[in-house]
Amino acid sequence: MDNSGNLPPQPQPQPQPLPPLMPPDPIGQPPLEKPSDTRPPVTQAPLQRPGTMSDHQQQASTVLSPMGKKLFHYIEFDDSEVLIAEIRKHPIGAIVQGIIGVLISIVLVVSTMLLAANIDKLGFSTGDGTGSGTIKAVLIIVGLILGLLALAITALSIVVYLSNIIFITDQKIAEVAYISVFNRKVTQLGIGSVEDVTVAQQGLFPRLFHYGTIVVETAGEVENCDFSLLPNPNFYSQKIIEAHELYVRKYGN
């Protein structure tokens, strides 16, 4: 109490913080524990670089031809997939292309030589004969260059023809087709989409040399596939049918 008779002011109590609200636990039940994750850890497969093959694909490619091994990485090949057959073009096509190319080369060379030999009769000669001699030499050189160029184009066309390969697996029919040296087309058809397989051998030569065309008819809006100039078409068409029947028994329609 001071001299004026008033009591000194008393300090006000500070408010205490409330405890955090906790959800009530069920009566008679222990608190819930966080379930432990018992799933096995997920391991990510290493990424495969473009242009390379997996170990399974490399092992399957050991039975392929050298050209088949070179082109096998262009198709999809799962780890559970089985390679059934490799189909290459019949050599009759390369033989025909080679004969035609050689004939064209011979015609070009002989034609220019005949033209050079008869250049005087065409009125291109001069009084001293020097002009006609120069023209003859140019014609012969041009003929030889055209002949060599025709042979080179023929060789490239044969290489392109022999680079067309069809792979049959238990899941798909895949074709790696070279339309030109710089134009490649890869077609992959699921074996389950096959509806019918037709073999066409028209004429004497297909029956004589055992080659023909296999037409694979597909279901729905999928375009049919025609594979021409194939050796033993009846044998490989049976392989396609067997692969389709095996797929249907395993996975259904």
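The values are calculated or read from the model by the stated rules, or taken from the named source; none is laboratory data. As the structure is a computational prediction, the values presented were derived from the model and not from experiment. As a convention, Cβ positions derive from the backbone with ideal geometry for all residues, glycine included, and neighbour counts pool all protein chains shown.
Count of the stretch 74-93 residues, restricted to those that are over 13 Å from Pro231 (Cα atoms) and touching a helix residue (DSSP H, G or I) at 6+ places or on another chain (Cβ under 7 Å), is 4. For the stretch 145-201, filtering for residues that are among the small types (Gly, Ala, Ser), in contact with a strand residue (DSSP E or B) (Cβ under 6 Å, 6 or more places away or on another chain) and surrounded by fewer than 19 Cβ atoms within 10 Å (Cβ to Cβ) leaves 5.
Scanning the stretch 202-216 for residues that are out of contact with any Ser or Thr (no Cβ under 7 Å at 6 or more places or on another chain) and part of a strand (DSSP E or B), which turns out surrounded by the most Cβ atoms within 10 Å (Cβ to Cβ)?
Narrowing the stretch 202-216 to residues out of contact with any Ser or Thr (no Cβ under 7 Å at 6 or more places or on another chain): 202-212, 216.
Next, from what is left, pick out any that are part of a strand (DSSP E or B): 211-212, 216.
On the way: Tyr211: 20, Gly212: 24, Val216: 21.
Only one residue tops the list, namely Gly212.
In the stretch 185-205, the residues that are touching a residue at least 60 places away in the same chain (Cβ under 8 Å) form Cβ pairs under 6 Å with partners that are assigned to a strand (DSSP E or B) and of a type in the set (A, V, I, L, M, F, W, C), at six or more places apart or across chains, as follows: Val186/Val176; Gln188/Ala174. Tell me yes or no: at least one residue of the stretch 217-229 is among the charged types (D, E, K, R) and either under 20 Å from the mean Cα position of the chain (by Cα) or surrounded by 20 or more Cβ atoms within 10 Å (Cβ to Cβ) (or both). Yes, there is a match, as at least one residue in the stretch 217-229 is among the charged types (D, E, K, R) and either under 20 Å from the mean Cα position of the chain (by Cα) or surrounded by 20 or more Cβ atoms within 10 Å (Cβ to Cβ) (or both).
State whether the residues of the stretch 224-231 include one that is in a loop (DSSP other than H, G, I, E, B) and without any contact (Cβ under 8 Å) to a residue 12 or more places away in the chain. Steps first, please.
Pass one, the stretch 224-231, residues in a loop (DSSP other than H, G, I, E, B): 224.
Retained after the next criterion (residues that are without any contact (Cβ under 8 Å) to a residue 12 or more places away in the chain): 224.
Looking through the stretch 224-231, at least one residue is in a loop (DSSP other than H, G, I, E, B) and without any contact (Cβ under 8 Å) to a residue 12 or more places away in the chain.
Given the structure, is Gly192 outside any strand (DSSP E or B) and at positive phi? Spelling it out, it is not the case that Gly192 is outside any strand (DSSP E or B) and at positive phi.
Is it true that some residue in the stretch 69-90 is more than 24 Å from Tyr236 (Cα to Cα), within 34 Å of the chain's Cα centre (by Cα), of a type outside the set (Asp, Glu) and in a helix (DSSP H, G or I)? The answer is no, given that none of the residues of the stretch 69-90 is more than 24 Å from Tyr236 (Cα to Cα), within 34 Å of the chain's Cα centre (by Cα), of a type outside the set (Asp, Glu) and in a helix (DSSP H, G or I).
Filter the stretch 161-189 down to the residues that are assigned to a strand (DSSP E or B) and β-branched (Val, Ile, Thr) and list them by number.
Initial filter on the stretch 161-189 (assigned to a strand (DSSP E or B)): 165-169, 172-180, 183-189.
Hits for the stretch 161-189 are Ile165, Ile166, Ile168, Thr169, Ile173, Val176, Ile179, Val186, Thr187.
Can you tell which of Lys69, Lys136 is buried (at least 17 other Cβ atoms within 10 Å of the Cβ) and at pLDDT below 95? Give the steps one after another, and end with the answer.
Details: Lys69 fails: buried (at least 17 other Cβ atoms within 10 Å of the Cβ).
Every option except Lys136 fails the conditions.
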